[in-house]
Amino acid sequence: VTGSAATGPAWGDLVLDGLALEALPDLCRGRRTAIITDARVRALHGGRLPDGGVLIVEDGEACKTLDVAGRVHCGLARLGMDRGSLVLGVGGGAVCDLAGFVAATYMRGVALGLVPTTLLAQLDAAIGGKNAVDAGGAKNLVGTFHRPEFVLRDASVLSTLGAAQIRCGLAEAVKAAAVGDAALLGRIEARADALLAGDAAELALVANAAAAVKIAIVDRDERESGERRILNFGHTFGHAVELAAGLSHGEAVSVGMALAAELSVRRGLLDRTDASRLACALERLGLPLRARCDVPAAVRALGRDKKRDGDRISLVLLEGIGRARVVPVPIGGIEEVLHDLR
Ligand SMILES: NC(=O)c1ccc[n+]([C@@H]2O[C@H](COP(=O)([O-])OP(=O)(O)OC[C@H]3O[C@@H](n4cnc5c(N)ncnc54)[C@H](O)[C@@H]3O)[C@@H](O)[C@H]2O)c1
Ligand SMILES: [Zn+2]
């Protein structure tokens, strides 16, 4: 695949696997480079990063604000970064999002390199060119599309992740399997123990396969005009229960996938055996299938969803493991599933 004239090289060519952090000096190729990372990632892996200016930002979601972005813009100016410089984001999905946003806006856009260091960032957040910060209480309210020049995935950094972080990444890997790669679900089922124990080789294989699903989809639909929406499988329900039930993102997506699979069965799209298989795989990973949540509050949250159209909401439903489709569903049907699967 060679990508398109409008968007440059194919994503598969931007994502570099099998390279270690030690390849970064070469990739930065003598350009002035500023590393954006957080204190924890720097403490754990900073010794393996190239020399250059380092801008430390808040941990996790707290770095995705316009204030932090503004501070980083000023930091880049202080470091003397110009149009030919490189911004290198090293960290979880939040740092990757912030670095992408800052690189897209500093001097109307400078080169970006990403080094995702969580499983979720390696298989999802660092791929696809979308980046955003939160504002006014809304997640990802202000953002851009900005392609990195490269995404370097070094599985060895995953060895310092905690169990909850791994589980959250695995929830997204199951999502990728559910919408695009049935064989990947088989692999996750077969190797669940090794994956949960943080086995780097197993995690790398799963990250590769899950990322490949996203790469194939964004290469066909980078601007999310159609197919890319199937990557939201489990997320519309998930976001509704994430706040209402106080779950982590991965747990919420797990509940969301279970709900969406059940709805797929009830609408005659999916075999009950496939829905059960998906649910078993999630349980095997220690992920929840149900959330104790206030149904009216969750329905209100769904009603505010961007995918709403009158009394219908577009949801990603499954036709089989590895096959997904966007279907407008009446809110009543959604409410019923939320009720039954509390
Ligand atoms: N742009 C996209 O397409 C896209 C897609 C999915 C998710 N996201 C975003 O990604 C974010 C979530 O990313 P996340 O799950 O990576 O969490 P995160 O970035 O919010 O937090 C990661 C945490 O893990 C720590 N950490 C990072 N690497 C580590 C390592 N190797 N060992 C130990 N600790 C490490 C960090 O210090 C931080 O505390 C959300 O903001 C979400 O919106 C974006
Ligand atoms: Zn997600």
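The values are calculated or read from the model by the stated rules, or taken from the named source; none is laboratory data. Small disclaimer: the values here were computed from a predicted structure and weren't measured. Every residue, glycine as well, gets a Cβ built from its backbone with ideal geometry; the counts of neighbours run over all protein chains shown. Only protein heavy atoms, including side chains, enter the accessible area calculation; ligands, DNA and RNA are left aside. Shrake-Rupley method; radii C 1.70, N 1.55, O 1.52, S 1.80 Å.
Data overview
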{"quantity": "Solvent-accessible area, 1.4 Å probe, carbon plus sulfur percent, for the chain", "calculated": "51 percent"}
{"quantity": "Stretch gain in nm, segment residue 243-residue 71, where the contour uses 0.36 nm per residue and the Cα spacing is subtracted", "calculated": "59.0 nm"}
{"quantity": "Overall form of the stretch 233-307 per C-alpha gyration tensor (a/c, 1.5; a/b vs b/c)", "calculated": "oblate"}
{"quantity": "Solvent-accessible area per residue, Å², over the chain with all protein chains present [probe radius 1.4 Å]", "calculated": "42 Å²"}
{"quantity": "Residue-wise HN-Hα coupling along the stretch 195-207, computed from phi with Karplus coefficients 6.51, -1.76, 1.60 (Hz; x: Gly, Pro)", "calculated": "5, 5, 7, x, 4, 4, 5, 5, 4, 5, 5, 5, 4"}
{"quantity": "Paired Rg and Dmax values of the stretch 149-241, which use every Cα atom, in angstrom", "calculated": "13.8, 38"}
{"quantity": "The chain - Debye-derived log10 I(q)/I(0), Cα point model, q = 0.12, 0.16 Å⁻¹", "calculated": "-0.83, -1.41"}
{"quantity": "Dimensionless Rg/Rh of the stretch 64-209 - Kirkwood Rh, Rg from C-alpha atoms", "calculated": "1.03"}
{"quantity": "Eligible aspartates and glutamates near residue 64 by straight Cα distance, threshold 13 Å, same-chain separation 8 or greater", "calculated": "38, 97, 134"}
{"quantity": "³J(HN,Hα), Karplus 6.51/-1.76/1.60, whole Hz, each residue of the stretch 144-154, x for Gly, Pro", "calculated": "9, 9, 8, 7, x, 6, 7, 10, 9, 10, 10"}
{"quantity": "Computed [θ] at 222 nm, helices only, for the chain once each DSSP H run of length n ≥ 4 contributes -39500 (n - 2.57)", "calculated": "-13500 deg cm²/dmol"}
{"quantity": "Given charges at beta-carbon only (K, R positive; D, E negative), |dipole| of the chain in Debye", "calculated": "560 debye"}
{"quantity": "Among 262, 251, 227: highest mean-square fluctuation, GNM of the chain, C-alpha pairs under 10 Å", "calculated": "227"}
